[in-house]
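Enquirer: Below: one structure in structure tokens.
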Amino acid sequence: MTLDELFSIAVEQKASDLHLIVGMAPVLRIDGALQPIKNQPKLSNKATEALVYPILTEKQKEIFDLQKELDLSHEIKSGHRFRVNLHWEKNNIGLVARVISDNIPTMEDIMMPQSIYPVLDRQGLILITGPTGCGKSTTLAAVINYINSTRSANIITLEDPIEFLFKPNQSIIKQRQLHTDMISFQSALIHLLRQDPNVIMVGEMRDLETIAATITLAETGHLVLATLHTHNSAQTIDRIIDIFPPHQQQQIRLQVSMTLLGILSQQLIPKAGGGRVATREILFNTPAIANLVRENKIAQIKTVIQTSADEGMITMDQDLINLYNEKMIDKETALAHMTHPEMLQ
């Protein structure tokens, strides 16, 4: 069986991910649960190499052999696309492939709260955060799709790798991929100002240089969308500040307090009746929030979110209660994901 045939099985079984691990049969993640593909033998390292290497270009093989890690996108004959990560584990090749929907999601598809829409017409920084596999890429795609459908803008995305393929509608869209279209996120961000952007999407803020360049772009009159692997708004702001040397942190606090538009932190949880649904914490950078950021009182941010429902903010616990009341999730799921389960009577 070829890797493309395994990818086809992942699509047919509505899996979100495919795992290849030496010593095990291929494994799918379906609705969050891992399960081996039936009637498939355990993989040897030689068999895994035979599956993986045919989809790589010579340049990709060179990078993988040198860096021991490689991210790429791959498309099979049916048109379905995959975000593929290759790595080494116990001196064996490993693969994890995320199935990318062939339909670009809409804001309605992902149940995006109405409070988010007006912010997308402003200039500044919007962060989408959450753990791996929480739907950050899907949320970014829905936001880009919305902007593309509603206004005239030059949208530039920096991705590793390119996932959803956008077609220009009201906007023009340039999608740039690491290693093929740019050397690094940092170098691409430095030159973006000369490319007449209105909206910039940074796939992931991975290091100090990328974070610094992203914040600077948000200061210069652009809407910048980016992701971080953080679980809530307070942790996100702490992560951004803490990555800088101590002597720069007060300046970064000031920059963040002025450029930040909002933070949307999410996770995917089991949906009643099958499938998964996103639950979200939403923060908007009101004067009260900006003041807490400047004064380094990040611990008080959650309290402000709790008391700012009129401004469109919501905590994860409050959103979980709403999902439960709407019968989108069952009580056990809500309680399992709440920080303060005693709030749910």
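The values are calculated or read from the model by the stated rules, or taken from the named source; none is laboratory data. Computed from a predicted model, the values in this text were never measured in an experiment. With ideal geometry, Cβ positions are generated from the backbone for all residues, glycine too; neighbour counts draw on all protein chains shown.
Enquirer: What is the residue count in segment 273-312 for residues that are in contact (Cβ under 8 Å) with a residue 60 or more places away in the chain and among the hydrophobic types (A, V, I, L, M, F, W, C)?
Expert: Going through segment 273-312 one residue at a time, the tally reaches 8.
Enquirer: Any residue in segment 318-339 that is of a type in the set (Val, Ile, Thr), surrounded by 14 or more Cβ atoms within 10 Å (Cβ to Cβ) and either touching a Cys at 6+ places or on another chain (Cβ under 6 Å) or within 26 Å of residue 205 (Cα to Cα) (or both)?
Expert: Checked segment 318-339: no residue is of a type in the set (Val, Ile, Thr), surrounded by 14 or more Cβ atoms within 10 Å (Cβ to Cβ) and either touching a Cys at 6+ places or on another chain (Cβ under 6 Å) or within 26 Å of residue 205 (Cα to Cα) (or both).
Enquirer: Quickly run through segment 333-345 and pick out the residues that are part of a helix (DSSP H, G or I) and not hydroxyl-bearing (Ser, Thr, Tyr). Outline the logic, then answer.
Expert: Filtering segment 333-345 down to residues part of a helix (DSSP H, G or I) leaves 333-337, 341-343.
Those that are part of a helix (DSSP H, G or I) and not hydroxyl-bearing (Ser, Thr, Tyr): 334, 335, 336, 337, 341, 342, 343.
Enquirer: Between a first residue in segment 105-117 that is over 15 Å from residue 326 (Cβ atoms) and a second residue that is part of a loop (DSSP other than H, G, I, E, B) and of a type in the set (Val, Ile, Thr), which pairs have beta carbons less than 9 Å apart while being 6 or more apart in sequence or on different chains?
Expert: Hits for this filter: 112/106.
Enquirer: For the subset of segment 305-333 comprising residues that are in contact with a helix residue (DSSP H, G or I) (Cβ under 6 Å, 6 or more places away or on another chain) and of a type in the set (Val, Ile, Thr), which member is farthest from residue 287 (Cα to Cα)?
Expert: 329
Enquirer: Against the conditions (1) farther than 20 Å from residue 315 by Cα; (2) in a loop (DSSP other than H, G, I, E, B); (3) out of contact with any strand residue (DSSP E or B) (no Cβ under 6 Å at 6 or more places or on another chain), where does residue 166 fall short? Just the number, please.
Expert: It fails just one condition, (3).
Enquirer: Filter segment 269-279 down to residues that are out of contact with any helix residue (DSSP H, G or I) (no Cβ under 7 Å at 6 or more places or on another chain) and surrounded by fewer than 20 Cβ atoms within 10 Å (Cβ to Cβ), then give me how many there are.
Expert: The first filter runs over segment 269-279 and keeps only residues out of contact with any helix residue (DSSP H, G or I) (no Cβ under 7 Å at 6 or more places or on another chain), leaving 271-276, 278.
Checking the rest, the ones that are also surrounded by fewer than 20 Cβ atoms within 10 Å (Cβ to Cβ) come to 271-276.
The qualifying residues number 6.
Enquirer: Restricting segment 154-172 to residues that are crowded, with 18+ Cβ neighbours inside 10 Å and touching a Ser or Thr at 6+ places or on another chain (Cβ under 7 Å), which is nearest to residue 81 (Cα to Cα)?
Expert: Ranking the candidates gives 163 first.
Enquirer: Does segment 133-141 contain at least one residue that is aliphatic (A, V, I, L, M), buried (at least 19 other Cβ atoms within 10 Å of the Cβ) and in contact (Cβ under 8 Å) with a residue 40 or more places away in the chain? Steps first, please.
Expert: Here is the first cut: in segment 133-141, the residues aliphatic (A, V, I, L, M) are 140-141.
Now drop any that are not buried (at least 19 other Cβ atoms within 10 Å of the Cβ), which leaves 140-141.
Restricting the remaining residues to those that are in contact (Cβ under 8 Å) with a residue 40 or more places away in the chain gives 140.
Yes: one or more hits.
Enquirer: Scan (1) assigned by TED's automatic domain parsing to the domain that holds residue 237; (2) surrounded by 13 or more Cβ atoms within 10 Å (Cβ to Cβ) for the single condition residue 118 breaks and write down its number.
Expert: Going through the list (1) assigned by TED's automatic domain parsing to the domain that holds residue 237; (2) surrounded by 13 or more Cβ atoms within 10 Å (Cβ to Cβ), residue 118 breaks only (2).
Enquirer: May I pose another question? For segment 293-305, what are the residues that are surrounded by fewer than 21 Cβ atoms within 10 Å (Cβ to Cβ) and more than 13 Å from residue 235 (Cβ to Cβ)? Spell out the reasoning first.
Expert: The first filter runs over segment 293-305 and keeps only residues surrounded by fewer than 21 Cβ atoms within 10 Å (Cβ to Cβ), leaving 294-300, 302-304.
Within segment 293-305, 294, 295, 296, 297, 300, 303, 304 meet the criteria.
Enquirer: Just the residues that are among the polar types (S, T, N, Q) and assigned to a helix (DSSP H, G or I), please, taken from segment 300-332.
Expert: The first filter runs over segment 300-332 and keeps only residues among the polar types (S, T, N, Q), leaving 300, 303, 306-308, 315, 318, 322, 325.
Matches in segment 300-332: 300, 303, 306, 318, 322, 325.
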